[in-house]
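The values are calculated or read from the model by the stated rules, or taken from the named source; none is laboratory data. None of these values were measured; they are calculated from a predicted model. Here the Cβ positions follow ideal geometry from the backbone for every residue, glycine too, while neighbour counts run over all protein chains shown. Side chains included, ligands, DNA and RNA excluded: accessible areas come from the protein's heavy atoms. Shrake-Rupley method; radii C 1.70, N 1.55, O 1.52, S 1.80 Å.
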Amino acid sequence: MKERVHSGTYTNTLERLVKEMEDTQRLDELQKQLQEDIRQGRGIKSPIRIGDQDSTDDEDGLLEEHREFLKKFSVTIDAIPDHHPGEEIFNFLNSGKIFNQYTLDLRDSGFIGQSAVEKLILKSGKTDQIFLTTQGFLTSAYHYVQCPVPVLKWLFRMMSVHTDCIVSVQILSTLMEITIRNDTFSDSPVWPWIPSLSDIAAVFFNMGIDFRSLFPLENLQPDFNEDSLVSETQVTLGGEGSEDSSCKPIFSTLPETNILNVVKFLGLCTSIHPEGYQDREIMLLILMLFKMSLEKQLKQIPLVDFQSLLINLMKNIRDWNTKVPELCLAINELSNHPHNLLWLVQLVPNWTSRGRQLRQCLSLVIISKLLDEKHEDIPNTSNLQISVLHRYLVQMKPSDLLKKMVLKKRAEQPNGTIDDSLHLELEKQAYYLTYILLHLVGEVSCSHSFSSGQRKHFVHLCGALEKHVKCDIREDARLFYRTKVKDLVARIHGKWQEIIQNCRPTQGQLHDFWVPDS
């Protein structure tokens with residue numbers, strides 16, 4: 001029997017049993033003393049309470065030998081967590097800075113109605129405008145004619161900010177239906193409206209994402225800044241709404257539905273109008289999506305819509321071969337935590353050729369970063385990637401990674417020494433890093449076509465994995481993280497052995513090639 005006493009450590013219930021036994025012994029002694037005092041007529045001399053003795057000790061009051069015993073058999077199980085830590089991307093206190101559902105008014109957009117439905121909506125109040133929209137009036141009004149851009153922008157913003165999930169979904173349905181109808185007008189000289197980069201940034205900024213999180217890299221910035229984004233958006237709102245919307249935040253929890261609705265609509269836009277964004281804008285959108293995906297509260301939510309949008313964005317990049325290295329280096333800078341970087345790699349869809357290419361190249365770049373290697377040009381061919389991977393794999397010995405961490409930590413200590421507890425913590429970090437690096441190794445070596453020429457590379461990889469990683473791990477029943485890393489090594493080794501024996505796998509074997517994402 002075991003009991004969880006604090007995060008990361010399981011301790012035998014012996015601790016509780018010993019404590020209860022000692023308390024019971026003290027109770028028996030106290031009871032005997034009281035009975036003897038009463039029998040002799042002396043009364044109670046001094047009321048001794050259990051816990052008064054050794055008040056300077058901790059609560060448990062265990063004997064030292066008991067503590068040593070418990071320490072010997074305690075088990076650390078989550079030094080390597082199953083999920084990435086994530087980051088705090090959304091700040092709900094800043095939501096609604098530009099507009100909210102109560103300040104968005106179609107009448108302030110400068111739109112002049114022509115049809116009877118448009119005039120009816122413009123005569124209605126803000127609440128009635130939403131009601132008419134969700135009840136199909138707009139859909140019927142623009143069945144055979146192009147929908148004006150101010151109406152589409154109003155719908156896009158209202159969908160992103162309305163706090164009623166059902167209403168937001170209804171607006172998304174209306175917006176998508178109108179957009180698809182607009183796309184069917186083949187005789188129209190203009191493409192259907194899609195939100196610009198500033199329109200997209202404005203709705204996410206209004207949800208509470210800081211501008212620096214939307215565009216986190218200094219060398220990849222849009223042609224507008226935070227001030228111009230806010231002022232230009234307010235101009236299209238008629239210059240109103242900012243004062244009212246700043247009174248209080250519009251969201252108190254993660255607006256999951258609103259986020260996914262915006263992403264779904266962008267997926268439609270990038271599908272029907274592939275040339276709607278320039279390559280630089282697409283890169284900024286991809287980086288924005290990746291950074292948003294690190295939000296802690298999104299960890300338990302399937303980001304299928306994110307991946308669908310990523311597929312479209314990657315497919316729409318015109319100069320793909322030139323942009324891949326730039327994109328890899330940019331994504332590599334989005335986080336400093338190794339597990340977060342692994343998550344970004346695994347977010348890239350691997351069921352398209354461009355997705356697999358980006359996933360492999362990005363993994364190589366991150367491995368180089370985590371091993372403190374000098375950046376090199378990313379190899380294009382699989383053979384070169386795997387040969388580079390062999391050089392990296394040699395440096396992934398857990399004991400060597402630990403030595404580097406110990407030297408670095410000693411340099412930070414005033415006396416240049418580290419105690420046993422700190423050394424153990426550094427060992428956990430070293431194995432955690434090894435675990436992440438091995439997953440990235442698997443991503444690089446995960447190719448959907450193998451030739452006989454690659455067989456020798458995988459033979460060398462298997463040898464390096466055995467010699468430098470597997471043989472360096474000494475399993476211990478108390479140190480479960482070592483076993484977790486060794487298990488991953490075994491899975492990777494097994495997959496590589498399959499590749500060696502079947503250099504040209506059939507299509508059916510390719511689907512299940514790589515180990516599941518962590």
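For the stretch 448-455, the criterion of being surrounded by fewer than 17 Cβ atoms within 10 Å (Cβ to Cβ), more than 18 Å from LYS404 (Cβ to Cβ), charged (D, E, K, R) and at pLDDT 85 or above is met by none of the residues.
Candidates PHE131, PHE137, PHE90: the one that is out of contact with any Cys (no Cβ under 9 Å at 6 or more places or on another chain) and free of Cβ contacts under 8 Å to residues at least 12 places away in the same chain is PHE131. For first residues located in the stretch 460-477 and touching a residue at least 12 places away in the same chain (Cβ under 8 Å), partners that are in a loop (DSSP other than H, G, I, E, B) and lie 6+ apart or on another chain with Cβ distances below 9 Å form the pairs LEU461/SER445; HIS468/LYS397; VAL469/LYS397; ASP472/LYS397. Contact map, the stretch 20-37: first residue without any contact (Cβ under 8 Å) to a residue 24 or more places away in the chain and of a type in the set (Asp, Glu), second residue exposed (fewer than 10 other Cβ atoms within 10 Å of the Cβ) and not in a helix (DSSP H, G or I), Cβ cut-off under 9 Å, separation 6 or more or different chains; pairs are GLU36/ARG42; ASP37/GLY43; ASP37/LYS45.
Residues that are at pLDDT 85 or above and in a helix (DSSP H, G or I) were ranked within the stretch 178-198; the one that is surrounded by the fewest Cβ atoms within 10 Å (Cβ to Cβ) is ILE180. How many residues does the stretch 109-125 contain that are surrounded by fewer than 17 Cβ atoms within 10 Å (Cβ to Cβ) and not in a loop (DSSP other than H, G, I, E, B)? Number satisfying all stated conditions: 6.
Within the stretch 295-331, being over 17 Å from the mean Cα position of the chain (by Cα) and not in a helix (DSSP H, G or I) holds for ILE317, ARG318, ASP319. Can you name every residue in the stretch 266-294 that is outside any helix (DSSP H, G or I) and of a type in the set (Phe, Trp, Tyr)? Matches in the stretch 266-294: TYR277 only.
Among the residues of the stretch 329-344, just one is among the polar types (S, T, N, Q), touching a residue at least 40 places away in the same chain (Cβ under 8 Å) and either open to solvent by 10 Å² or more (accessible area, probe 1.4 Å) or under 15 Å from LEU440 (Cα atoms) (or both), namely ASN340. A single entry from SER368, SER353 fulfils the requirement of being open to solvent by 30 Å² or more (accessible area, probe 1.4 Å) and of a type outside the set (Lys, Arg): SER353.
Residues of the stretch 137-147 that are open to solvent by less than 30 Å² (accessible area, probe 1.4 Å) and in a loop (DSSP other than H, G, I, E, B): TYR142, CYS147. Restrict the check to the stretch 93-101 and report whether at least one residue is surrounded by 17 or more Cβ atoms within 10 Å (Cβ to Cβ), at pLDDT 80 or above, in a helix (DSSP H, G or I) and not polar (S, T, N, Q). Within the stretch 93-101 (the criterion being surrounded by 17 or more Cβ atoms within 10 Å (Cβ to Cβ), at pLDDT 80 or above, in a helix (DSSP H, G or I) and not polar (S, T, N, Q)), the answer is no, since none of the residues qualifies.
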